[in-house]
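Reading through the structure tokens given below for one structure.
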Amino acid sequence: MVKTTGRKPTHITKPFPAIRITRVALAAAMVVIATFIRFPLGFAPVMFTAQVYMVLTVGLLLGAVDGVFALAVYLLIGLMGMPVFSRGGGFGALATPEGGYLLGFVAAAGVSGWISGMTLTKEPYWEFIAAFAGVAACYAIALPFIAIQQAILGNPVAVGRLFAVYFLAFMPLDSLKAVLAALTTRGLRRAAPSLFTR
């Protein structure tokens with residue numbers, strides 16, 4: 001007869017699988033590539049880029065943990081000086097409005113991935129909800145960061161201008177990117193479900 005001590009078995013953490021490392025690295029690389037897919041729009045004062053689209057797609061496909069890892073890798077590479085941001089690289093990016101969005105990207109991947117992971121077996125529209133929640137998370141980080149940053153730099157931004165320039169000007173395009181990210185995620189999961197098993 002085997003005696004039990006009443007203690008719960010110690011949890012043994014499994015090694016980080018090679019497939020996850022590969023997916024995180026590839027996702028970070030795709031965000032880098034997406035940074036340079038951009039072109040001007042005559043009817044809007046902003047550039048159309050694939051960056052937000054790719055950030056959301058990474059979060060939706062990889063989930064919260066790996067999505068955040070991928071964006072953290074991207075952010076770290078850029079802060080180390082590699083020219084992977086839209087304005088180059090280095091810590092100087094954090095002294096520009098772009099820094100707010102860069103930090104917001106990490107939150108966007110985490111929130112979209114978390115909601116997507118919680119609703120994998122539910123209706124397809126949850127992918128769209130997750131994507132739009134990711135966009136909201138990005139701005140929830142970016143706008144306060146920009147406001148504080150500009151105040152510290154001696155260039156305070158009025159609340160109205162903050163929302164008009166750094167939020168409303170981007171929202172139509174970011175809404176489109178959220179829809180495209182959700183559609184891409186549904187398509188890839190159906191085409192290669194084994195590659196995106198969490």
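Scan Ala72, Ala107, Ala151 and give me the residue that is over 11 Å from the mean Cα position of the chain (by Cα) and not basic (Lys, Arg).
Testing whether each residue is over 11 Å from the mean Cα position of the chain (by Cα) and not basic (Lys, Arg) leaves just Ala151.
Glu98 - would you say it is among the acidic types (Asp, Glu) and either over 22 Å from Ala27 (Cα atoms) or exposed (fewer than 14 other Cβ atoms within 10 Å of the Cβ) (or both)?
It is false that Glu98 is among the acidic types (Asp, Glu) and either over 22 Å from Ala27 (Cα atoms) or exposed (fewer than 14 other Cβ atoms within 10 Å of the Cβ) (or both).
Could you go through the range 133-146 and let me know if any residue there is farther than 26 Å from Gly78 by Cβ and surrounded by 14 or more Cβ atoms within 10 Å (Cβ to Cβ).
no
Which one of the conditions (1) surrounded by 15 or more Cβ atoms within 10 Å (Cβ to Cβ); (2) closer than 19 Å to Leu56 by Cα does Phe163 fail to meet, given that it meets all the rest?
(2)
Given the condition buried (at least 21 other Cβ atoms within 10 Å of the Cβ) and either of a type in the set (Gly, Ala, Ser) or modelled with pLDDT of 95 or more (or both), answer yes or no: does some residue in the range 117-124 qualify?
Within the range 117-124, none of the residues are buried (at least 21 other Cβ atoms within 10 Å of the Cβ) and either of a type in the set (Gly, Ala, Ser) or modelled with pLDDT of 95 or more (or both).
Within the set of pairs 6 or more residues apart or between chains, which connect a residue that is over 19 Å from Met54 (Cα atoms) inside the range 151-178 to a residue that is outside any helix (DSSP H, G or I) and modelled with pLDDT under 90 with Cβ atoms less than 7 Å apart?
Ala169/Ala44; Ala169/Pro45; Ala169/Val46
The values are calculated or read from the model by the stated rules, or taken from the named source; none is laboratory data. Please read all numbers here as calculations on a predicted model, not as lab measurements. Every residue, glycine as well, gets a Cβ built from its backbone with ideal geometry; the counts of neighbours run over all protein chains shown.
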